[in-house]
Ligand SMILES: Cc1cc2nc3c(=O)[nH]c(=O)nc-3n(C[C@H](O)[C@H](O)[C@H](O)COP(=O)(O)O)c2cc1C
């Protein structure tokens, strides 16, 4: 047993929430929702099997129809979706788990086939290259710049999704601000070419993210709102720019003013450094500006995770792929039992 291991010590996230250990299940899209983007009973069982985690973050969940970029993702904008998620939160709470919903809009990472032939929405009109993931031969392409009125609607949609998540029984929401999706597209010069109050300078480029945080915080309480961020450009054809770090510095400092639940690193390799972040890793960069709870993520070993917590490099650690391969990951780590390696073939079932 590892009773003195910091990974297994409880963590007071804030006045509302205590986590039983420092291990978080990272959000992972599984594309297993039913018609009309409704979560299933199998999804409830899948999450309930992982309640040994201190915190579960659900797969990205679309806040409205034009937020979709992958097949069979769950949503949180209809009564049937809220009721479906209620089954998940009931199952998780019955086993004393804590669960946040990741709320998501993919922006330009969508495709007209998901949008009745319309172009994807984005901060600016850009052309994204590459294949649509899980999209059977589809390729990315043009996006359309959102108007100021559409930006207000999007912010309202995030806040409504947060309210719906609470109605569905969630303990909070993690705003998906990472991995090249809509919010991240505002935060990088490569995808934000706006010349109005949402572009052109760090405070303008951070405005959309901050307005989403504020709208969600006012809707459900800041202690139940978190955000995932990818200061390093690494996914969905967002290319780093030396100026990006100033945008994230501004945003992270501004987030210190709100008592949100946490910031979560969006990266898949904790050792990767980024020239645009002054050759820092994503987690180290976030830690240098953000003073609240930080969840690190990205290919951690148990030893690396423990060392990071002991050295105060971060507060909590999220594991993604290991949780798909090992529903009882926390127990295996606690007893130092062998952990099964993730294999992409595991994505075809929802065990
Ligand atoms: C199948 C799969 C689906 C993912 N879906 C999401 C997602 O919906 N939202 C998100 O923020 N990250 C998503 N990620 C990224 C993970 O949350 C995590 O950052 C990444 O897997 C690195 O952690 P790991 O090395 O412990 O797996 C996904 C990763 C995988 C493997």
In which sequence would 251, 19 go, from the one with the fewest C-beta neighbours within 10 Å to the one with the most? 19, 251
Project the alpha carbons of region 285-351 onto their principal axes and report the range along each, largest first, in whole Å. 39, 26, 14
Determine, from the Cβ-Cβ distance of residue 340 and residue 31 and an R0 of 25 Å, the FRET efficiency 1/(1 + (r/R0)^6), rounded to the nearest 0.05. 0.70
Among bridges DSSP assigns within the chain, what percent are antiparallel (round to 5)? 20
More than 30 Å apart - percent of Cα-Cα pairs taken over the chain: 31
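How high is the relative contact order of the chain, in percent, counting Cα pairs under 8 Å that sit 6 or more residues apart?
Reported relative contact order: 16 percent.
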Counting other C-beta atoms within 10 Å, which of 176, 111, 93 has the fewest, and how do the rest follow? 93, 111, 176
Compactness summary of region 62-196: radius of gyration and Dmax from Cα atoms, Å, are 15.7, 50
Candidates 31, 110, 288, ranked by Gaussian network fluctuation over the chain, Cα under 10 Å, top entry: 288
Tell me, what is the percent relative contact order of region 72-153, built from C-alpha pairs under 8 Å that lie six or more residues apart? 20
Please list the radius of gyration and Dmax for region 63-115, considering alpha-carbon atoms only, with Å as the unit. 13.3, 41
In percent, what relative contact order does region 122-261 have, based on Cα pairs under 8 Å that are 6 or more apart in sequence? 26
Which value, to two decimals, describes the C-alpha radius of gyration of region 34-85 once divided by 2.2 N^0.38 Å? 1.16
Checking 84, 308, 130 against a Gaussian network model of the chain (alpha-carbon springs below 10 Å), the top fluctuating residue turns out to be 130
When the distances between all Cα atoms of region 234-351 are binned every 10 Å from zero, what whole-number percent does each bin get? 12, 38, 32, 16, 2
Ranked by Cβ crowding within 10 angstrom, fewest neighbours first, how are 124, 143 ordered? 124, 143
Between the alpha-carbon centers of region 278-351 and region 110-168, tell me the distance in whole angstrom. 29
If you wrap a convex hull around the C-alpha atoms of region 1-105 and split its volume per residue, what is the figure in Å³? 109
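None of the figures in this text is laboratory data; all of them are computed from the coordinates on show. Owing to the predicted nature of the structure, the values given are computational and were not obtained by experimental measurement. Ideal geometry is used to build each Cβ from the backbone, glycine not excepted, and the neighbour counts take in all protein chains shown.
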